[in-house]
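Okay, structure first, notes after.
Read-outs throughout are calculated quantities, based only on the coordinates presented, and are distinct from any laboratory measurement. Computed from a predicted model, the values in this text were never measured in an experiment. In this analysis, Cβ positions are derived from the backbone assuming ideal geometry, glycine residues included, and neighbour counts consider all displayed protein chains.
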Amino acid sequence: MKAILGKKIGMTQVFDENGLIVPVTVVEAGPCIVVRRRTKSKDGYEAVQVGYALIREKLLNKPEKGQFRPKKGDANQPNLPNLRYLREFRVDESNTLKRGDEIRVEMFEAGEKVDVTAISKGKGFQGTMKRHRFGGGPRSHGSMTHRQPCSGGGTDPARVFVGTRKPGHMGDVQVTQLGLRVVKVDAEKNLILIRGAIPGPNNRLVTVRAAVKSGKK
């Protein structure tokens, strides 16, 4: 498993070995703690449940607190700190991660490709031009349809067809940016610098994992 949870800090720029400016997004990744190991014999699949970001105990309900406490009658399980976010990642049966293990940013290295998943910025209710990038109507004097959606479709069925691009809610959806390159990894400060922009506002949870595609030839 090569994946980690983190928090988007913001964008900046660094210089590469050739002296060129490279725009990067700084992500504070980990350390994450393995909360639970799911097995094929018990749960039907192999995965690890990972927790990130400390949270006060009073902000958790009783079932959430039970995730971090040892099971009744099993004194071998460690007592874990209270964590805000819990996510699952599929692994192979040969994976040796167990409850209480730490996942740190050292697993990534400069130059490799990663996929970043986050919730995009919410834009609220938007018109068709901004939401669907319509070109708009004529801008000359006298035109009455500068930024209007115009016709909604055929009149014979007396309804709007499913999938017609209309005004509505924009943003605030899960977005995955594929094939971004890691520029630098700072293990001491738990930082990973990723080339380019990633989805979501600052201080929002992001998931960084090894790229599923090798990229363009």
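Relative contact order, whole percent, for the stretch 31-103 stands at 45, derived from Cα pairs under 8 Å and 6 or more residues apart. Within the chain, the longest run free of exposed loop sites, counting GluC sites (Glu not before Pro) that sit outside DSSP helix and strand states (H, G, I, E, B) and have at most 11 other Cβ atoms within 10 Å, spans 110-187. By definition, a body whose alpha carbon gyration tensor gives a ≥ b ≥ c is prolate when a/c is 1.5 or more and a/b is larger than b/c, and the chain fits this prolate description.
Which of rounded, prolate, oblate describes the stretch 1-128, given a ≥ b ≥ c as roots of the alpha-carbon gyration tensor eigenvalues and a/c under 1.5 marking rounded, otherwise prolate only if a/b is larger than b/c?
Working: a/c = 2.09, a/b = 1.58, b/c = 1.32.
Because a/c hits 1.5 or more and a/b exceeds b/c, the stretch 1-128 counts as prolate.
How big is the Kirkwood radius of the stretch 31-103, worked out from every pair of different alpha carbons and given in Å to one decimal?
On the way: mean 1/r = 0.0780 Å⁻¹.
Taking the inverse mean of 1/r over all distinct Cα pairs, the stretch 31-103 comes out at 12.8 Å.
Projecting the Cα atoms of LEU205, VAL175, ALA158 onto the charge dipole of the chain, computed from C-beta unit charges around the Cα centre, puts ALA158 farthest toward the positive end. Given R₀ = 35 Å, FRET efficiency for PHE134-ALA197 by Cβ-Cβ distance, to 0.05? Using R0 = 35 Å, I get an efficiency of 0.90.
Taking loop as defined by DSSP and a crowding limit of 15 other beta carbons within 10 Å, which trypsin sites (Lys or Arg not before Pro) in the stretch 109-216 fit?
On the way: sites: LYS113, LYS121, LYS123, LYS130, ARG131, ARG133, ARG139, ARG147, ARG159, ARG165, ARG181, LYS184, LYS189, ARG195, ARG204, ARG209, LYS213, LYS216; in loops: LYS121, ARG133, ARG139, ARG147, ARG159, ARG165, LYS189, ARG204, LYS213, LYS216.
Qualifying residues, ordered by number: LYS121, ARG133, ARG139, ARG147, ARG159, ARG165, LYS189, ARG204, LYS213, LYS216.
Evaluated with a Cβ-only charge set (Lys, Arg +1; Asp, Glu -1), the chain carries a dipole of roughly 840 debye about its Cα centre, given to the nearest 20. Ranking VAL114, TYR45, ALA187 by Cα position along the charge dipole of the chain, where only Lys, Arg, Asp and Glu carry charges on their C-beta atoms, puts TYR45 farthest toward the positive end. Taking amide H positions as modeled 1.01 Å from N, with prolines and chain starts lacking one, no residue 5 or more places away or on another chain lies under 5 Å from GLY136. Under 25 Å from the Cα of LYS62, which lysines turn up, not counting those fewer than eight places away in the same chain? The qualifying lysines are LYS42, LYS71, LYS72, LYS98.
What full-extension length gain, to one decimal in nm, is calculated for THR96 and ARG69 as 0.36 nm per residue of separation minus the Cα-Cα distance? Mind showing how you got there, number by number?
On the way: separation 27, 0.36 × 27 = 9.72 nm, distance 2.11 nm.
Contour length minus Cα-Cα distance gives 7.6 nm.
Where nothing but the Cβ of Lys and Arg (+1) and of Asp and Glu (-1) is charged, how large is the charge dipole of the stretch 45-88 around its Cα centre, in debye to the nearest 20? Write out the running numbers ahead of the final one.
Working: 9 positive and 5 negative charges, 60 e Å.
In debye, rounded to 20, the stretch 45-88 gives about 280.
State the extension gain, in nm to one decimal, for the chain segment bounded by ALA53 and ASN79, taking 0.36 nm per residue of separation less the distance between their alpha-carbons. The partial results should precede the final answer.
On the way: separation 26, 0.36 × 26 = 9.36 nm, distance 1.60 nm.
Taking 0.36 nm per residue and subtracting the Cα distance, the gain is 7.8 nm.
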